[in-house]
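One structure is given here, and the rest of the page talks about it.
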Amino acid sequence: MRLTHFSAAALAAIVCTSMVMFATPKPPAGGGTVTGKVTYTGTPAKMKPIDMSKEPSCAKQHTTPITTETVVTGTGNALDNVVVYVSAGAPDESAPGQAAKFEQKGCQYIPHVLAFQVNQTLEIANSDQTSHNIHPLPKVNREWNKSQPPGSAPITDKYDKPEFIPVKCNIHPWMHGNFAVLKNSHYAITEGEGGFSLASLPPGKYTITAWHESYGDQSQDVTISGSETKTVNFVFKAKPY
Ligand SMILES: [Cu+2]
């Protein structure tokens, strides 16, 4: 009886050992991927035309009429400017060395939504022949506004807490953008056809969140094993005005 018990334990040990040695593959260096598409249902509010006639140096940079960019869509009900990111399950990462670049050009913010990491250098350039006064409006980070005459050096700053921050210009009321300050490098912003891809995710369970400046946010959990690719789609309900 005792021998049988011992043999069973020994067998279990052998099985376990062989699983460790032979059956447990090393996680592939590339990790897994979450891809998907962000779309909307319903009818988005019509974007408003922007009149830049009071700022001729900017107006002349636009050959086609420009509109507000609160909701930007693509074909097939694609929803653009959505920040899709890993909101839980991934460790916080230290900021990358390169700066995140935000440009004021033609009296617009380019890109309209800029994502970067906590403590990453943010570099704001004025490419226009007029002054801007950029004024991000954080609630948990420190608030500031800075004037930037034409030809001046880029403004640099960083944020030490994760937050979605609306950005406005105190001189040009139509200028509006967003900063997404995130805790790790697993993020993407939809453009064109609304697609996104979050690559290099080690095996694990993640919460994927999609954030839109007007339609809010929604989350889904996904479990990644090995180097598989999982599809996660998000559908937002369009808000009329
Ligand atoms: Cu401005």
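The values are calculated or read from the model by the stated rules, or taken from the named source; none is laboratory data. Just so it is clear, the model here is predicted, and its values are computed rather than measured. Glycine also receives a Cβ, built like all others from the backbone with ideal geometry; neighbour counts cover every protein chain displayed. These area figures cover heavy atoms from the full protein model, side chains too; ligands, DNA and RNA do not enter into them. Shrake-Rupley method; radii C 1.70, N 1.55, O 1.52, S 1.80 Å.
What to note about this one:
- Residues that are more than 15 Å from the ligand (Cβ to nearest atom) and touching a Ser or Thr at 6+ places or on another chain (Cβ under 9 Å) are absent from region 169-177.
- Any hit, region 149-166, residues being open to solvent by less than 10 Å² (accessible area, probe 1.4 Å) and either within 16 Å of the ligand (Cβ to nearest atom) or touching a residue at least 60 places away in the same chain (Cβ under 8 Å) (or both): no
- Residue that is surrounded by the most Cβ atoms within 10 Å (Cβ to Cβ), among those in region 208-241 that are among the hydroxyl-bearing types (Ser, Thr, Tyr) and over 27 Å from Pro44 (Cα atoms): Ser227
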